[in-house]
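Worksheet: the structure to be examined is printed underneath.
The values are calculated or read from the model by the stated rules, or taken from the named source; none is laboratory data. All values derive from a computational prediction rather than experimental measurement. Positions of Cβ are backbone-derived with ideal geometry, glycine not excepted, and every protein chain shown enters the neighbour counts.
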Amino acid sequence: MAAILNDKQIKALLKSGAPGRYGVGHGLYFRKTDSGSGLWTVRYTIHGKRREMTIGQYPTLTLANATAKAIQIKNDVKEGLDPLAEAKRPDMAKITIVNELFDDWYTNDIEPRLKHPGIPKRVYKKDIAPLIGELALVRVTPMDVRAIIEKVVRSGRKTVANDTLMYCKQLFRHGIRLGLIIHNPAEAFNVHHAGGIEQSRSRALNVEEIAKVFIAFRNHSNQFVRENYLSAAILLVLGVRKGELIGAKWIEFDIDNAIWDMPSERSKTGVAISVPLPDVVIEWLKELHVRASGSEYIFPNRKRDSKRGHISPDTLNAGIAKMFRENKLTVEHFTVHDLRRTCRSLLASLGVSGHVAERCLNHKLKNVEGIYDRYDYLPERKEALQKLADLVAPMINPTPNNVATFRKRA
């Protein structure tokens, strides 16, 4: 076969030459098809087997580029790489930047393994992705990781800083497992470089503090909106977890029987529970039903472009934190989760038995009692939460407006 040396000869061959294969050199061949088009192929031998692969079409792939590609293939073969075999491997080349690595980690590790995969996703999207999400994996350095955790620390979220560091480590370990990177840029850091060693919180508000807090909330209602006010009130009285409340849907509530049937998929324990609703909570729910404007969620997301149907998990936290930053709350600092601890403390002060109070908070009973006691204490919990509601309702002083008829769920 005569060698083709330039584009002029190739073009002439396409016009008048017969279909066939024409050698160029370096294992590269130009093949004219029966239809008159031209293809580039490369022939090579590896592991004692003769192989041939198509690398492109002329003129999209020029003679010069086809030659360069053929030379690269030949070099790869010398290193023991079979281009045809490599082409059949899973396409990991698509994971080249941090955002792509996170998507793979989230889909193949986080979502199948964690009950609440939205937590690491929220931390990544808010605190990690804005700084390094578009960076190539090989470009991320320990300095980048330090910048991420220092920014979170400066925002006053030390616990989140520790979580952010933990997720950075896990994310880049995933990259090492896939062979995409060799070193973990977050591995050398520990909690001392982030939010520090976390102490178990013991903060609970007393009745005087509760009164001051809700007065401050009402005095700054233009900032601490009514939905935030009512969510804080409900968390205090029912003792449920924030995530369990903000994701609640109206269909879960039976107002006629004063029961909220929390499904297992949102209960942190993984077990469904019926939560008794004190009278004042029912009134708050009626107001929220009006404010929800037909949404299936109690606390619907007001952002039109949001993919989440309910408000962000950070909404109430951010509202309280801002009140503290602006010195509008004069009590000792507390967090949203401290309202749950406050509920437990107030139940104890009202003489509620420990096992009943624990079930009010949807805690699993421990040891032998947890194994053998399957009674759900619904009547006792109803009485206990009503006592608590009667205690704090005058301090919260709800003022429902435009209360509409709340239909019983289907």
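Filter the range 241-272 down to the residues that are surrounded by fewer than 18 Cβ atoms within 10 Å (Cβ to Cβ), more than 17 Å from E358 (Cα to Cα) and basic (K, R) and list them by number. Correct list: K249 only. Answer yes or no as to whether E265 is assigned to a loop (DSSP other than H, G, I, E, B) and among the acidic types (D, E). Criteria met by E265. Screening K78, K69, K115 for residues that are of a type in the set (K, R) and closer than 30 Å to A318 by Cβ leaves exactly one candidate, K115. Scanning the range 321-334 for residues that are under 19 Å from A211 (Cβ atoms) and not in a helix (DSSP H, G or I) yields N327, K328, L329, T330, V331, E332, H333, F334. Any residue in the range 107-129 that is farther than 30 Å from P263 by Cβ, β-branched (V, I, T), in contact with a Gly (Cβ under 7 Å, 6 or more places away or on another chain) and buried (at least 17 other Cβ atoms within 10 Å of the Cβ)? No, there is no match, as no residue in the range 107-129 is farther than 30 Å from P263 by Cβ, β-branched (V, I, T), in contact with a Gly (Cβ under 7 Å, 6 or more places away or on another chain) and buried (at least 17 other Cβ atoms within 10 Å of the Cβ).
In summary, V275 fulfils each of the numbered conditions (1) buried (at least 16 other Cβ atoms within 10 Å of the Cβ); (2) assigned to a loop (DSSP other than H, G, I, E, B); (3) β-branched (V, I, T) with the single exception of condition (2). Restricting the first member to the range 98-114 and to residues that are over 12 Å from L180 (Cα atoms), and the second to residues that are hydroxyl-bearing (S, T, Y), the beta-carbon pairs closer than 7 Å and six or more apart or on different chains are F102/Y124.
Take L171 and tell me if it is within 19 Å of the chain's Cα centre (by Cα) and farther than 30 Å from E380 by Cβ. So L171 fits the description; yes. Inclusion of L61 among residues that are outside the structural domain of Y167 (by TED's automatic domain parsing), in a loop (DSSP other than H, G, I, E, B), among the aliphatic types (A, V, I, L, M) and free of Cβ contacts under 8 Å to residues at least 12 places away in the same chain is not warranted. Being surrounded by 19 or more Cβ atoms within 10 Å (Cβ to Cβ), under 30 Å from R139 (Cβ atoms) and within 24 Å of the chain's Cα centre (by Cα), is that true of even one residue in the range 220-240? Within the range 220-240, none of the residues are surrounded by 19 or more Cβ atoms within 10 Å (Cβ to Cβ), under 30 Å from R139 (Cβ atoms) and within 24 Å of the chain's Cα centre (by Cα). Residues in the range 285-296 include none that are of a type in the set (V, I, T), under 28 Å from the mean Cα position of the chain (by Cα) and either surrounded by 19 or more Cβ atoms within 10 Å (Cβ to Cβ) or outside the structural domain of I119 (by TED's automatic domain parsing) (or both).
Is it true that R203 is without any contact (Cβ under 8 Å) to a residue 60 or more places away in the chain and either in the same structural domain as R341 (by TED's automatic domain parsing) or surrounded by fewer than 18 Cβ atoms within 10 Å (Cβ to Cβ) (or both)? No, not satisfied. Would you confirm whether any residue within the range 313-330 is farther than 23 Å from R218 by Cβ and surrounded by 21 or more Cβ atoms within 10 Å (Cβ to Cβ)? There is no residue in the range 313-330 that is farther than 23 Å from R218 by Cβ and surrounded by 21 or more Cβ atoms within 10 Å (Cβ to Cβ). Against the list (1) more than 24 Å from the chain's Cα centre (by Cα); (2) assigned to a helix (DSSP H, G or I); (3) in the same structural domain as W105 (by TED's automatic domain parsing), the condition H183 fails is (2).
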